[in-house]
Amino acid sequence: MPVVFVIASDWTLRTAVRAQLRELGVQALGMESADQVGQTMGAGEMPSAVVLEATAALASHPAIRKLLERVPTVLIASRTEHLDLPPIAQLCYRPVRIEEIVSRVRELLQQPHGG
């Protein structure tokens, strides 16, 4: 079963994306911070894909950057946020529908590098 890290400070976004992914049989783990990501990975969990509510501070955190360079990612950002995207990232601009995020995650998981 693929594992997706849903990293967002917005609990409503995090909860809605996790619920939709779980309905599809995807193990979705919700996290608020880079520290929680580090703890989860330290416990041996590695994601097949990541959904990240991107802010400059979170997306530039060294642990998050390393993860984004290795794992296919859907970034959710405002149009005014300037982000240096890794090549395997897809971008969804706010406002965004949960269905669009989940659809992009499904596409990533179907690609050879995605779980």
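The values are calculated or read from the model by the stated rules, or taken from the named source; none is laboratory data. Computed from a predicted structure; not experimentally measured. Counting neighbours? That spans all protein chains shown, and the Cβs are built from the backbone with ideal geometry, glycine included. In case anyone asks, the SASA skips ligands and DNA or RNA and just uses the protein heavy atoms, side chains included. Shrake-Rupley method; radii C 1.70, N 1.55, O 1.52, S 1.80 Å.
For the chain, leaving out every one of the trypsin sites (Lys or Arg not before Pro) that falls in a DSSP loop and has at most 11 other Cβ atoms within 10 Å, the longest unbroken run is 1-78.
Full extension of the chain between GLU23 and MET41 gives 4.1 nm of extra length, using 0.36 nm per residue less the Cα-Cα distance.
Between the listed residues VAL3, LEU68, GLN110, the Cα displaced farthest toward the positive end of the dipole of the chain, a dipole computed from Cβ unit charges relative to the Cα centre, is found at GLN110.
Taking the protein heavy atoms of region 1-55 in the context of the full set of protein chains, the accessible area attributed to carbon and sulfur is 48 percent at 1.4 Å. Here the average projected area of the convex hull drawn through the C-alpha atoms of the chain stands at 6.3 nm².
Modelled this way, with points 7 Å down the Cα-to-C-beta line, the labels at TRP11 and THR55 are 1.6 nm from one another.
Pairs of Cα atoms nearer than 8 Å and 6+ residues apart set the relative contact order; for the chain it is 27 percent. Rolling a 1.4 Å probe across the protein heavy atoms gives the chain an accessible surface of 54 Å² per residue.
The H on the amide N of GLN27, modeled in the peptide plane, is under 5 Å from the matching H of VAL4, each at least 5 residues off or on a different chain.
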